[in-house]
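Below is one structure; the comments refer to it alone.
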Amino acid sequence: MLKIQIISPDMKKIFTKIFCTLLLLFPSISSAKILQMDYPLSRQAVWRATLIAMSFYPLETTNYDQGLIKTKILTEGDSWKPVFRSINSEHIYTINVNVFNYGGRTRVSIDKKLNRKASFERNEQELKTLGVEEDMLLYRIKRELLIDRLIKKYFK
């Protein structure tokens, strides 16, 4: 029997390294769950940075007292376009962000509810998210906090 090998052993090593690197950069890929990060800053500073990071999304609710930010129902590709796969117009989602004090720090938790639209043949179905968009939002919040700290440091 003739066995054809499409991927060389060197290519397997390269793909393995790329995959491991992605897991290190985006830890939520390995476990789809609510993502959260703690910041050693005031709730007001983190709230402001979160609103700036979420400025690309159409927001339905922003409530500082409850620490809640919620987007409107979005179709994939409206605000964020995944570059690692094609856009699926059947995917709809909302993003809920909670900002609250936790043990002397401010915690931001992001929960993305991803669903497949209902059609004539099937009901609406909840899907798992890879967490890439949530990681990107946490990165943006961290970046805004860093920018704010640098502005205060150099222009005060």
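The values are calculated or read from the model by the stated rules, or taken from the named source; none is laboratory data. These numbers were taken from a predicted model, which means no experiment stands behind them. Glycine gets a Cβ as well: all are built from the backbone with ideal geometry, and neighbour counts include every protein chain shown.
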The condition of being surrounded by fewer than 16 Cβ atoms within 10 Å (Cβ to Cβ) and touching a residue at least 24 places away in the same chain (Cβ under 8 Å) holds, among ARG149, ARG43, ARG140, ARG105, only for ARG105
Of the listed residues (LYS3, LYS13, LYS81), the one being among the basic types (Lys, Arg), modelled with pLDDT under 70 and loosely packed, with under 13 Cβ neighbours inside 10 Å is LYS3
